[in-house]
Amino acid sequence: MVGKNESAVNGVKSTPVSTQLNLKSDLFSNFSLKTLKLKTKQQELLIRVTVLCLIYVLAFITRLFSVLRYESMIHEFDPYFNYRTTVFLTQHGFYEFWNWFDSESWYPLGRIIGGTLYPGLMVTAAFIYWTLRFLRFAVHIREVCVLTAPFFASNTTLVAYFFGKEIWDTGAGLVAAALIAICPGYISRSVAGSYDNEGVAIFALLLTFYLFVKAVNTGSLAWALASAFGYFYMVSAWGGYVFIINLIPLYVMVLLITGRYSMRLYVAYNCMYILGMLLAMQIRFVGFQHVQSGEHMAAMGVFFLLQVFFFLDWVKHMLSDTKLFQSFLRITVTSAGGLGAIALGVGTASGYISPWTGRFYSLLDPTYAKDHIPIIASVSEHQPTAWSSFMFDFHVMLFLFPAGLYFCFKRLSDATIFIVMYSLTSMYFAGVMVRLLLVATPAVCLVSAVAVSATVKNLTLLVRAKSKSVPTGSSKGTTSSKASSKASFDQSLPFQRNGAIALLFGAFYLLSNYATHCTWVTSEAYSSPSIVLAARGSHGNRVIFDDYREAYFWLRQNTPQDAKVMSWWDYGYQITAMGNRTVIVDNNTWNNTHIATVGRAMSSYEDEAYEIMRSLDVDYVLVVFGGVTGYSSDDINKFLWMVRIGGGVFPVIKEPDYLVNGEYRVDKGAAPKMLNCLMYKLSYYRFGELTTEYGQPPGFDRARGVEIGNKDVKLEYLEEAFTTSNWIVRIYKIKPPNNRW
Amino acid sequence: MAGVVPRLLLVLLFSVITQFPLLARSSSLDLQITNAECRIDLTSQIVKVFLTLKVENTGTSPASELLLAFPPRQVDRLALVKAACTVGKKKKKTYVPLEVKPTELPDAPNDTKLFSILLLNPLKTSETATVEVLLILTHCLEPFPAEISQSESQLVYYHDSAIILSPHYIKQQTTYIKTPSTKVESYTRVEPTNHAGTQIIYGPYADRPPYSFSPIIVHSENNSPFAVVEELVREVEISHWGSLQITEHYKLAHAGAHHKGVFSRVEYQSRPSISGVSSFKHLLARLPPRVHSVYYRDEIGNISSSHLRGDSRKSELEIEPRYPLFGGWKATFVIGYGLPVEDFLFESPDGRRYLNFSFGCPVVETVVDDLTIKVVLPEGSQDPTAVAPFPVDQHLETKYSYLDVVGRTVVVLKKKNVVPEHSSPFQVYYKFNPIFMLAEPMMLTCVFFLLFMGCIAYLHVDLSLHK
């Protein structure tokens, strides 16, 4: 890795002639370190490479808090599915994986895994695993999966460095790499164990952008090809590729409008779009969407527009008569626009081009999901972002960002226009949805890096200007003239140097504050696996609640192999991955009706629910209950979403039945339907006998801080099969139907 | 006198035709058990039977073999037979172990299986000797009822015979059965029979002919943990760099009466004395001293409930499965630990090295149905041979671990029905050249050297086409 950096840096920096010189000097420097100029250059290279290496390592190790605090394990919900599929891939090979029909989820429908997932992450992890195995490193696939995200975060820092170098200079590149290495917005999705698509996708996203900008800057087919492959990797890894396929045409459009059309742009975009599209079609989940879906049409439109532009350019070149050209331009533009509009209209009307999906709409209109798709709105990471989370995730970069934009506008180029557009659009999306802060993070880091780098560079120039009296060896014409001009400038403002020093200290203070904040956030907020809960005991000792795994392992060991488990969809992936049992619904919320059926069962009376569960062939019901421990994200607190989603499909379920004067409560004043629905009964079964807190009556719910309203819960059709030691997970068995005689 | 010579001749002829053991046996049947005391311990899931047999040679020729007989059903469950004879008087009484091996007898009824005990010195006519026999039986406590609910306690059947099944004539015999609690549902009466406290006494019975059998059933309460390891794979990896890494894969099950119906956590928490008495949630593993880097995990991650205590002589690991084990419930887990290699690896006088390690399962009071021990020798070791104190199945495998090129030889030892009494040391001998220890560091060094060389070369060689 190190060697590669060094060489790349070298190659880009110097023209062929100076390479020769450099090379010779490199050879000589071993013997004589006298040549001062070369020595500084080498020192610079050495420092740069060392800093990059340190950043690379830092980005990796700062994400290991969770491994040290807890253990090397997979976190949260979705990563468990990714882990399960990766294990399948490594055990059965790629073709089996591609054709895998999973009968363990979405019972009785099943799920075609190969056709409904982005395989990039799994293939990457499996590839790393196979490579290590080939080199005879006896690693377990779990370790590979756990460390995939930190590894790719490290790689992202390298890409950020090159990207920063491309848009500004090497200094900005280094700062960008350092900023992104510890930025909480990125760490939140790439700590060790967070084995999710985003882990590799951010790397792929930034790589694609970098390569595209490089292609635009150089006009080289090779870079454009590379960016097409980067795009392919991104498409294979994450659904967020739609952002790329819309941002790049938008960028091209802006360049066209601002009159920055060039042959370089033409080459870069055409190559990237055509090849990227063809490659993306190889992913089964994406298929022909690039030519059939409304979300991808912008790219195609810009592609044709670019051809028209090229054609007009050519005609203009051929025609010397401007008047003739003007009329030709008018005709061509009108007819091209008309043709495009007709094609789009016909395509949409005939259904060949699918309309925008709900998820896409909810991005453009933040209120859309709340009214139309409760299942999207119910996910906490799809909520609009609060200001505090911006501050939490970006910290000082929130102030550096506008400054960076200012610097970018001051030195407009194709590359800076790109980064400005990227940062502005992604900032908008970050405002719409919490999870999209992640997409904005690299842009914010890059723009802030420009600000930091430019400011610090200017300030150090000012500081160094006075101390020029001691002649340094670098007697380059430009530097000295600049220095002298600064010096003369200096005299007019006597406090400038002191001011610069103060400002430098200020910048240093800000950045060190940022580092402290990032470390704190990483260790406190983003390194919890959420499977294992930790709390402080009464004596300040650490108490671990490992109830989830207790329950899943119980399911795995002590239920029949073909048992069907019903739970709210949040736990579906975990049950299949850790419990190895069939589930009715899971986190891949592709069938709303199925989820609504489960929601309906949970919010019905027991006998009605029994009918529904019999019809779904359910054997066990699993609920999560935090009343004993005070764990607040349990099923009772999620219950209103079940009612809403259930009621969205089955109008029998009405939200007001569960509320009292619009208020959601579980104590004596709760609605009668609430007190007798299945979810309530399963959560509070025999809870009325338990004293949870000293000085409180039995049946005191610690998560909600009330005494429950229905202490005498009787179950007729279900029986308690297992409850974990802290009552967080409760599993019930469905009794077989009674004999009639 | 005249009759003796032809008889001897006949015997000689017989021994020529058949084999030597039969000769011995024909004489051993002259042995008579003058007094037999049988103590059966039912307190745990492992049934221990202590037999004290006083034998006398009533025949004319010296007898060297004492026979033990077992009904076929018991033989499958017989984990261990050990015999010893007492030497010396009261003060200086020592036990000398005797050799026990399975044999056959043509006239044994109904597939009775026999074991012969080779006496220290052949008994001459009318000489007596005392032989102590230890039998260990597993899986012979049958839960009845076979399914119990959480609040019930576990009752088990024990089938046996009031009189020892023996090819020898028994003059006098008493059987003592020790039950785990005073609660005995029922027991077969074979007069004289006495029940007092935790003991049932059958006998004394006098003058029983060979192969007498009087079946008895004892139905008693037994709430001791029925922890059965259905499958245990212990992997011992030797590294000459100073560490012995042991990984043990357990498939644990509660083999008692199956749990029926509801598991109520509130009952289990609030009334531990009457709720789930037959379940268990702790296990104790006795590990060798100076154990380090212990872990306890399963397929889905670390299990946080374990404690390690240790002093200079032993280490005790208290482990708690993720959930309490009720009848029929299962749990799989892995225990791993490291040990200093100098405590277990030695050099034998002929220059070979050998590993001296304990056979059996470190978890106390468990039965292992199927035990596999894999000894992973360092890469480059040759001629492995294993020496175990009892018969085991052996074969060799190859395993690839970190940076292996040719793979490591694995000596695999297998044994069924293992009880704690099997925890005696076994040895694996192998030849090893210490130069192989340097192979892996050298490989790594070479790789890094080549890497840096490559970097330097890349930086200093100009590959551009146009100058």
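The values are calculated or read from the model by the stated rules, or taken from the named source; none is laboratory data. None of these values were measured; they are calculated from a predicted model. As a convention, Cβ positions derive from the backbone with ideal geometry for all residues, glycine included, and neighbour counts pool all protein chains shown. Note: areas computed on protein heavy atoms with side chains; ligands, DNA, RNA excluded. Shrake-Rupley method; radii C 1.70, N 1.55, O 1.52, S 1.80 Å.
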In Å and on Cα atoms, what radius of gyration and Dmax does chain B show?
28.8, 121
Cα centre as origin, Lys/Arg/Asp/Glu Cβ charges: the protein assembly as shown dipole, Debye:
3860
How fast does the range B:396-454 diffuse by Stokes-Einstein, in µm²/s, taking the Kirkwood radius from C-alpha pairs at 20 °C and 1.002 mPa s?
141
Size of the range B:64-137 along its principal axes in angstrom, Cα-based, largest extent first?
42, 28, 14
Given the candidates A:705, A:280, A:736, the one whose Cα lies deepest towards the positive end of the charge dipole of chain A, counting +1 at each Lys or Arg C-beta and -1 at each Asp or Glu C-beta, is A:280
Do the alpha carbons of any pairs in B:281/B:374; A:681/A:711; A:668/A:733 sit beyond 20 Å of each other, and which pairs?
B:281/B:374; A:668/A:733
Report, as a whole number in µm² per second, the diffusion coefficient that Stokes-Einstein gives for the range A:231-275 at 4 °C and 1.567 mPa s using the Kirkwood radius over alpha carbon pairs.
115
Rounded to the nearest 10, the angle in degrees between the Cα long axis of helix B:439-460 and the longest principal axis of the Cα atoms of chain B comes to 20
With 16 Å as the cut-off, how large is the P(r) tail for the range B:165-223, expressed as percent of Cα-Cα pairs?
47
The protein assembly as shown: equivalent-ellipsoid semi-axes (sqrt of 5 x gyration tensor eigenvalues, Cα, Å)
74, 41, 27
Taking 8 Å as the Cα distance limit and 6 or more residues as the minimum spacing, I'd like the relative contact order of chain A as a percentage.
12
Rg over Rh [alpha-carbon atoms, Kirkwood Rh] for the range A:662-701:
1.00
Could you name the aspartates and glutamates whose alpha carbon sits less than 16 Å from that of residue B:183, not counting residues in the same chain fewer than 8 places away?
B:41, B:152, B:221
Here is the link list: B:101/B:416; B:314/B:399; A:165/A:410. Which ones come out longer than 26 Å on Cα distance?
B:314/B:399
How big is the shadow of the Cα convex hull of the range A:531-583, averaged over all directions, in nm²?
4.1
Using the Kirkwood radius over Cα pairs, work out the Stokes-Einstein diffusion coefficient for the range B:312-457 at 10 °C and 1.306 mPa s, in µm²/s as a whole number.
86
Ranked order, A:251, B:169, B:157 - accessible area, probe 1.4 Å, largest first:
B:169, B:157, A:251
In square angstrom, what is the accessible area per residue of the range B:203-248 with a 1.4 angstrom probe?
37
Please compute, for the alpha-carbon atoms of the range B:147-246, the extent along each of the three principal axes and give them in descending order in Å.
65, 44, 22
Using a 1.4 Å probe and ignoring any ligands, DNA or RNA, find the accessible area of residue B:73 and quote it in Å² to the nearest 10.
130
If I histogram all Cα-Cα distances within the range A:356-446 using bins 5 Å wide from 0, what percent of pairs lands in each bin?
3, 14, 23, 20, 15, 12, 9, 4, 1, 0
Going by alpha carbons, how many degrees (0 to 90, nearest 10) lie between the helix axis of A:197-218 and the longest principal axis of chain A?
20
Bin width 5 Å, alpha-carbon pairs only: give the P(r) of the range B:349-421 as whole percents, running from 0 to the bin holding the largest distance.
3, 14, 23, 21, 18, 12, 8, 2, 0
All Cα pairs of the range B:74-197, percent lying beyond 25 Å
44
Rounded to the nearest 10, the angle in degrees between the Cα long axis of helix A:414-432 and the longest principal axis of the Cα atoms of chain A comes to 20
Can you pull the percent of the range B:372-443's accessible area that's carbon plus sulfur, 1.4 Å probe, other chains left in place?
60
Protein chains only, probe 1.4 Å: how do A:64, A:412, A:275 rank by accessible area, largest first?
A:412, A:275, A:64
Rounded to two decimals, what is the ratio between the C-alpha radius of gyration of the range A:623-710 and 2.2 N^0.38 Å?
1.07
log₁₀ I(q)/I(0) of the range A:406-452 at q = 0.32 Å⁻¹, via Debye over equal Cα point scatterers, no solvent, to two decimals?
-1.11
Looking at the calculated P(r) for the range B:247-310, what percent of the C-alpha pair distances fall above 14 Å?
72
Convex hull over the alpha-carbon atoms of the range A:131-182: what's its volume per residue in Å³?
81
Under a crude label model (7 Å from the Cα following the beta-carbon direction), how far is residue A:702 from residue A:591 in nanometres?
3.9
For the range A:131-269, one quarter of the surface area of the C-alpha convex hull, expressed in nm², comes to 9.5
Per principal axis, largest first, the Cα atoms of the range A:700-741 extend in Å by 46, 23, 10
For the range A:47-201, what is the convex hull volume of the alpha-carbon atoms per residue, in Å³?
134
Over all pairs of distinct alpha carbons, what does the Kirkwood formula give as the hydrodynamic radius of the range A:324-373, in Å?
13.5
Radius of gyration, Dmax [the range B:193-342; alpha carbons; angstrom]
21.4, 65
Judged on accessible area alone, 1.4 Å probe, highest first, A:310, B:326 line up as A:310, B:326
How much of the accessible area of the range A:490-601, probe 1.4 Å, is carbon plus sulfur, in whole percent?
58
When each pair of different Cα atoms in the range A:216-313 is counted once in the 1/r mean, what is the Kirkwood radius in angstroms, to one decimal?
13.5
Over all directions, the average projected area of the alpha-carbon convex hull for the range A:506-604 comes to how many nm²?
11.2
May I ask for the equivalent-ellipsoid semi-axes of the range A:283-377, computed as the square root of five times each C-alpha gyration tensor eigenvalue and listed largest first in whole Å?
38, 14, 12
Given a cut-off of under 8 Å on Cα pairs at least six residues apart, what relative contact order in percent is computed for the range B:89-222?
23
